[in-house]
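Right, one structure below, let's go through it.
The values are calculated or read from the model by the stated rules, or taken from the named source; none is laboratory data. The shown structure was predicted, so the numbers you read here are calculated from the model rather than taken from an experiment. Here Cβ is always computed from backbone atoms with ideal geometry, including for glycine, and neighbour counts include all displayed protein chains.
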Amino acid sequence: MLAQDNSDPPRGGATRATFLFADLCGFTEYTCRHGDELAADLAVDFHRRVCRLAADEDCSVVKSIGDAVMVHSKDSRTAVRLACRILGLSRLDGYPPIRIGIDSGQAVRRGGDWYGSTVNAAARVADVATPGELLMTERVRAAVGDAASIEMVPRGLRELKGLPVAPVHAVVAA
């Protein structure tokens, strides 16, 4: 278990950050097929592995909710690299596909958690990703720029629940 810093920064100060949401696709079906015990084991193993990968990339897991995780990164390129590593977990025996969404922008920290439109957008982008897909907002695409190690393709405009329609981009797996 990672120790969390629950102290709040002074009020009035949003911070620029990048957020990644990742979840296991088909987790409800997995639970029905394999039972609650194995499903819980899978979710806990996923969280543990993501925590290790995040620590390797100097990112932090903000929270886990069921079969999903929310990760904070100070840098978009680092978040994309971490996301690619997380997608690699679905190649493990018994792991279902994973979908990931990333956004970068201003957010507010309270009590060890993060709030704001950037956090909401990252979660909504993850919601529209297909199994095995890493989607990012235009802000992340612009921040990543022309990184030679990251190939991106436009995926068009997507409706994001509660947010304006937005362009998204997918990372092409190497």
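Below, the figures for the structure above:
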quantity: Residue list for region 54-95, filter: over 24 Å from G26 (Cα atoms) and in a strand (DSSP E or B); calculated: S60, H72, S73
quantity: Enumeration of residues in region 139-166 that are modelled with pLDDT of 85 or more, closer than 21 Å to I98 by Cα and surrounded by fewer than 18 Cβ atoms within 10 Å (Cβ to Cβ); calculated: R155, K161
quantity: Residues being part of a strand (DSSP E or B) and within 23 Å of A43 (Cβ to Cβ) - total across region 96-142; calculated: 9
quantity: Enumeration of residues in region 85-106 that are surrounded by fewer than 22 Cβ atoms within 10 Å (Cβ to Cβ) and under 16 Å from A17 (Cβ atoms); calculated: G105, Q106
quantity: Among residues of region 35-82, those that are of a type in the set (A, V, I, L, M), over 24 Å from R109 (Cβ atoms) and out of contact with any helix residue (DSSP H, G or I) (no Cβ under 9 Å at 6 or more places or on another chain), counted; calculated: 1
quantity: Near pairs, Cβ below 6 angstrom, 6+ apart or cross-chain, from region 29-49 (surrounded by 13 or more Cβ atoms within 10 Å (Cβ to Cβ)) to any residue that is of a type in the set (S, T, N, Q); calculated: A39/T31; H47/S64
quantity: Of all residues making up region 99-127, the number that are in contact with a Leu (Cβ under 7 Å, 6 or more places away or on another chain) and more than 19 Å from V144 (Cα to Cα); calculated: 2
